[in-house]
Each structure stands twice: as structure tokens, then as C-alpha cells.
Amino acid sequence: MALKGIIFDFDGLIIDTELPGCNAWAELFNQHGFSFTIEDWKKAIGTGPSAYDPAKHLSQLTNGLLDAHVIKEQTLIRTRQLIEEQPLLPGVFDFIITCDSLGIPMAVASSSNRAWVEGYLEKLGIRNYFKVVCTSNDVANVKPDPELFLLAAKKLGISPSEAIIFEDSPSGIKAAYAAGIPCIAIPNDITKSMDLSLATKIVDSFLDLNPQSLISQNN
């Protein structure tokens, strides 16, 4: 089938929100005499609220002295401060504007909430390039369930076989696989050591990709 749409993950793919998130939690854990590593953070990447929750974990470690909801909000503020320093990941902007110039409709499908995703897309100046934005607010099940990707394809007006997904995490790649949509993995510094074997292809960055070649290969 011809390529008629591209679906992007957000966190860790378009902008590095993963390392700032990890660092924010590490700071808080360290303040209370506990360690928090990248391996801990990997358990929470690209998944919904049912996955590993560092706030609940720290609350348990302190025997409930720290309220999970309160520390989650505190860490979110710190994470946002660290993310403000992050640029678009290499090659992202040129890839997006080239796809736009070629008339390829694009969507974002993220397990994060709408305020988070839309807010950063606006700040980064790229929101208008995406015809569709699907978030955790739009579905009953987030990744690795395929619901987000299937919804994004539906809203783009295309079948799953007419799309390509870009992802950085195992849960997102599993969701793409379950949706029956080819997935190109572009891992970041945290996810590059994780199991990405279900991806159709793995590349280092968007700098390694040519939208025109993708169209030719899928037509």
C-alpha cells in the first residue's frame, strides 16, 4: 500500500523529555537518601499510569511520610524546568517540514496527556504541522495497546497499512506491531539499550531518514 500518513510518538522522539524526567526523579530520591537510576526510569517509559510509579515507590520508601500525589506534582514542575532547556532532537524539524512540503499528513500519538503534548508542540513551534494529535485523554488504553495508533490512523483518514510510525520505546513499538503498522525506531540515550526488536527498522536519528525515499519505498 502507498504511504499516506506518518504517526509520531512524542516523548523521547521529538524532544528529549526522558532524561529530564529521570534526572528530576533522581534529584528527589537523592534528597531523601535513596537512589534512582536510569534502570528504574526505564520501567516507566512510554507506559500509562498502571506501570512503575516512582512517586508511589518513594512514598513507600519513606513509609508514607511523602504523599505520592504531592511529590509527583513537585517533580513534574522540576521536569518541566529541565525540559525547557531541550531543543528538538536532531533532524526532527527538517524531517517534519519536508514531509509537510510533500503533502504527507502527520499525526502525534502519545501516552502522555493532551495538555503536556499540545503545550510542548506549541512551544516548539511545530503544532500546526500535525493534522491530528491523539493522547491518553482520547483512549481507554495507552501503549503498548494499539488503540492510540489505530485512532490516529482513523483520524488521518487512512488505513493502518497506509501509515508508518516513528517510536523510541519498546511499549510504543509493541503498540505499532499490534496495530499492524510498520514502525521505525529512533531510540534516545535511555531507550537505545532496551529491546526494540519488534521495530521494522532502527536508525540513530531523523538525520538518517529521507521522506522522499520513504514514499518511494512504500509505493
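The values are calculated or read from the model by the stated rules, or taken from the named source; none is laboratory data. It should be emphasised that the depicted structure is a prediction, and the values quoted were computed from it without experimental measurement. For neighbour counting, all protein chains shown are included, and Cβ atoms are generated from backbone atoms with ideal geometry for every residue, glycine included.
Taking region 48-75 on its own, how many of its residues are among the hydrophobic types (A, V, I, L, M, F, W, C), touching a residue at least 24 places away in the same chain (Cβ under 8 Å) and in a helix (DSSP H, G or I)?
Qualifying residue count for the region: 3.
Of the residues that make up region 39-46, is at least one among the β-branched types (V, I, T), closer than 19 Å to S169 by Cβ, crowded, with 19+ Cβ neighbours inside 10 Å and assigned by TED's automatic domain parsing to the domain that holds S169?
no
Against the condition assigned to a loop (DSSP other than H, G, I, E, B) and not assigned by TED's automatic domain parsing to the domain that holds T37, how does L150 come out, does it pass?
In short, no.
In this structure, does E167 turn out to be buried (at least 21 other Cβ atoms within 10 Å of the Cβ), among the charged types (D, E, K, R) and touching a residue at least 12 places away in the same chain (Cβ under 8 Å)?
Judged against the criteria, E167 is a match.
Among (1) in contact with a helix residue (DSSP H, G or I) (Cβ under 6 Å, 6 or more places away or on another chain); (2) more than 23 Å from D9 (Cβ to Cβ), which single condition is T75 missing?
For T75, the exception is condition (2).
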